Structure formats: structure tokens, C-alpha cells
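Remarks on the structure that follows.
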Amino acid sequence: MEIAAGLAAVARGFYARGWLLGTSGNLSAVVQREPLRLAMSPSGVDKGELKPEQLLSIDENARIVSAHEGKPSDESLLHIRIVKDRGAGAVLHTHSVWNTILSDQDAAKGGVTITGYEMLKGLHGVRTHEHTEFLPIIENAQDMPALAEMVGATLNKHPAAHAFLLRRHGLYSWGQTVAEAKRHIEILEFLLEAMGRAFDTQRRRSD
Ligand SMILES: [Zn+2]
């Protein structure tokens, strides 16, 4: 219940920042590893009004194991893959304006490269602004089992990545705890917005 309350509080905070508008985005946290049980946000719910009791409990096949009528988020399979492949304790997914713009702008390069920013030190294990973080961009799709396979392959190819982007869709990050995953999303949303705004300013000057 503490985990559900933590996720609901994060959802309301992210909603207030405009990162989960229109029932978009989703949140999960591991409640138990063996067998796997995840607290998962339900599909189609306003994240600005998410209550702890609305969090579903799902198994490793994204089936509801709690006494809920709701439907787990369509993207539950991606959360489960990240939990398994990264050993994450929590996974958070946002649809902000800036992550959507940069996920498209840098798609041809395969990802967004972030380096030289002090805020990078908010990512787990990063000690200096000289760190280079590469956020892989995965082409968006509606076939969730296939997309989960792509996520698994991408995580495998980029073992140091703290997050990835789905093209014209959103950002996924994770952490050992809900608090760490929240910190990672805040850091990355800040950096993506800073880079996006800087790029926009440069483009206007050169026009
Ligand atoms: Zn999404």
C-alpha cells in the first residue's frame, strides 16, 4: 500500500507538470519478485486524480491478480521487460512536449546524446557533468509484445542507458525505488527541455 501511495503521489506531481496529460503515461513498481507482482497504473485513468486504491496488481504476463475491474495499461509488457532486464524496482513513463519533440528530432541518429550538464549527476552512478548519456530512440508501435522485444534488445545493446525514448511518444526511465525512478524522470525531462529550448533558440538566431 505504501508503494501504491508513492506511485499515486508521483502521478499527481507529474500530471501537474504536464507530463501525463489526457490519461497518458503510466507507472509501476515491484511489490514482490517471486512470483513477480507489480503495482501498475490502470488504463484510461486521469493521472491528476489517481488514487492509491486504483493501482492494479499484475503478474509477469500483465494479468490482473487483484480484485479490480479495471484494465492494466497497454504498455504493461514494457514495464515488465524493464523490471526483468534491468532489475528495476520501479518504472515510470511520461509523455511530455519536450521528450516528444526530441524523440523525433534525433530519431535518425538512433538516440539523444546528452553531455556536459551538471544535472546529469542526478542519474544513478554518474559523478561528473562530463558523463555522456545516450538515450536510445525506439520506433513507436501498437503491437506490445513486439515492442517489448525491441525494448529488450535495446536495453541489451545499451547496458549503461538510464532511459530510452519511444519515437513521437514518450520517455521511459526506472530505478531501484519509486523515489529513484522519479528522480531520473525529473532529471531527464529537465535535460531534454533544456536541450530542446537551446536548439530552438539557435535555430531562430540563424534564420
Ligand atoms: Zn505511452
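The values are calculated or read from the model by the stated rules, or taken from the named source; none is laboratory data. This one's a predicted model, so the numbers in the text were calculated from it and none came from an experiment. Counting neighbours? That spans all protein chains shown, and the Cβs are built from the backbone with ideal geometry, glycine included. These accessible areas exclude ligands, DNA and RNA; they are computed on the full protein's heavy atoms, side chains included. Shrake-Rupley method; radii C 1.70, N 1.55, O 1.52, S 1.80 Å.
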### Task
Looking at (1) in a loop (DSSP other than H, G, I, E, B); (2) open to solvent by 70 Å² or more (accessible area, probe 1.4 Å); (3) closer than 18 Å to His169 by Cβ; (4) not polar (S, T, N, Q), find the lone condition where His124 falls short.
(3)
### Output for segment 11-58, where each listed residue is of a type in the set (A, V, I, L, M) and either away from the ligand (no atom under 16 Å from the Cβ) or open to solvent by 10 Å² or more (accessible area, probe 1.4 Å) (or both)
Ala16, Leu21, Ala29, Val30, Val31, Leu36, Leu38, Ala39, Val45, Leu55, Leu56, Ile58
### Task
Output the number of residues of segment 102-116 satisfying the condition of being over 21 Å from Lys182 (Cα atoms) and open to solvent by 10 Å² or more (accessible area, probe 1.4 Å).
8
### Extreme residue, farthest from Glu75 (Cα to Cα), among residues of segment 137-180 that are more than 16 Å from the ligand (Cβ to nearest atom) and in contact with a His (Cβ under 7 Å, 6 or more places away or on another chain)
Glu180
### Message
Looking only at segment 1-36, count every residue that is assigned to a loop (DSSP other than H, G, I, E, B) and of a type outside the set (Asp, Glu) and tell me the total.
### Response
10
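Rundown of residues vs (1) within 26 Å of Ala62 (Cβ to Cβ); (2) charged (D, E, K, R); (3) open to solvent by 60 Å² or more (accessible area, probe 1.4 Å), yes/no style:
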| residue | (1), (2), (3) |
| --- | --- |
| Ala163 | yes, no, no |
| Arg167 | yes, yes, yes |
| Ala181 | yes, no, no |
| Leu192 | no, no, no |
| Arg205 | no, yes, yes |
### Task
Kindly indicate which of Ala88, Ala62 is assigned to a loop (DSSP other than H, G, I, E, B) and within 15 Å of the chain's Cα centre (by Cα).
Ala88
